[in-house]
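The values are calculated or read from the model by the stated rules, or taken from the named source; none is laboratory data. Not measured: the values here are computed from a predicted model. Positions of Cβ are generated from backbone atoms using ideal geometry, with glycine treated the same way; all protein chains shown enter the neighbour counts. Side chains are part of the model used for accessible areas, which takes the heavy atoms of the whole protein and leaves out ligands, DNA and RNA. Shrake-Rupley method; radii C 1.70, N 1.55, O 1.52, S 1.80 Å.
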Amino acid sequence: MYSKAIKLIIITVQVLILSGCAGRVALLPGEAPPMHTVSEFSDDESVSHTHDPWEGFNKGMYKFNYEADRFFFLPVVNAYETAAPGFVQTGVSNFFANIREVRTLYNSILQAKGKESLVTLGRFLTNSTIGIGGLFDPATSFGWRQQHEDFDRTLETWGVGTGPYLVLPVLGPSTVRNASGLAVDGAVRWAVVSSIDPFGGTGASSEIEMGTTALEAVDLRHREKFGYYESDYSFEYSMVRYILSERRELTTIR
């Protein structure tokens, strides 16, 4: 029972950290909040291009995420950044980015992106070997730029609409389609890890998987520069929703 409970926790956390995209749609690293008028970020859905029928729930979850970030994630991340040298942090980020190449690979195939699939496969094989298990990123120096695909983008390619706006626990601003994509990517990842069972011979498979998952969550938050309520805007919730919808439209045209 203990082992099954541990695996259930691991699966749940992996679904939440997979994509790393839902929690990062608000602001890109180094990106300053846009200077617009209050009316642009009003609750008028025609302005934000995002249907928000669960606004009460979403605002409550946004506040919950702020509290969780403030009292749990940020202290853990600050401790990690203090304890781990810069080159260790870079190696950890490279390692998990290399694992996520698998997600990009199968979603690129599902989207019939042949060239992107080949580049992603080349990156994964190169970084897994020459890059010592992904700790280093020689593929980028070879001119193979990292791609980013997930099942949310695959659903979009197949013509599935975004659905209503949804603020997810921990991950933050999202949509129903994106949340569905996270669930699918999480299930695929779980299936792959379960079939390979990389820690099966250690006698502590569940514990190692739990530690690895926790480290990935810390790394994702470490690389995210967005901070809740750091914009000094009283209408930040609507502003973030607006930025999400605008960025989605921009990235669709690519």
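List every residue pair whose Cβ atoms sit under 8 Å apart, with the two residues 6 or more apart in sequence or on different chains, where the first one lies in segment 184-206 and is under 30 Å from Leu155 (Cβ atoms) and among the basic types (Lys, Arg) and the second, anywhere, is open to solvent by less than 50 Å² (accessible area, probe 1.4 Å) and not in a loop (DSSP other than H, G, I, E, B).
Hits for this filter: Arg189/Gln14; Arg189/Arg103.
Only one of these is part of a helix (DSSP H, G or I) and in contact with a His (Cβ under 7 Å, 6 or more places away or on another chain): Tyr80, Tyr62, Tyr66. Name it.
None of the other options fit; the residue is Tyr80.
From Ser195, Ser206, which residue is at negative phi, assigned to a helix (DSSP H, G or I), open to solvent by 60 Å² or more (accessible area, probe 1.4 Å) and of a type in the set (S, T, N, Q)?
Going through Ser195, Ser206 in turn, the sole match is Ser195.
Applying the selection to segment 49-59, what residues are within 22 Å of the chain's Cα centre (by Cα) and part of a helix (DSSP H, G or I)?
Residues satisfying the conditions are Phe57, Asn58, Lys59.
Here's the yes/no breakdown for (1) farther than 23 Å from Ala191 by Cα; (2) in contact with a Leu (Cβ under 9 Å, 6 or more places away or on another chain):
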| residue | (1), (2) |
| --- | --- |
| Arg103 | no, yes |
| Lys115 | yes, no |
| Thr120 | no, yes |
| Asn127 | no, yes |
| Pro138 | yes, no |
| Phe142 | yes, no |
| His148 | no, no |
| Phe151 | no, yes |
| Glu156 | yes, no |
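Being touching a residue at least 12 places away in the same chain (Cβ under 8 Å), part of a helix (DSSP H, G or I) and not hydrophobic (A, V, I, L, M, F, W, C) is the filter here; which residues of segment 141-160 pass it?
Asp152, Arg153, Thr154, Glu156, Thr157
Yes or no: Ala22 open to solvent by less than 80 Å² (accessible area, probe 1.4 Å) and at pLDDT 95 or above?
no
Could you please let me know if Leu171 is out of contact with any Asp or Glu (no Cβ under 9 Å at 6 or more places or on another chain) and open to solvent by less than 50 Å² (accessible area, probe 1.4 Å)?
It is true that Leu171 is out of contact with any Asp or Glu (no Cβ under 9 Å at 6 or more places or on another chain) and open to solvent by less than 50 Å² (accessible area, probe 1.4 Å).
What's the number of the only condition in (1) at pLDDT 95 or above; (2) outside any helix (DSSP H, G or I) that Gln89 fails to meet?
Among (1) at pLDDT 95 or above; (2) outside any helix (DSSP H, G or I), the lone unmet condition for Gln89 is (2).
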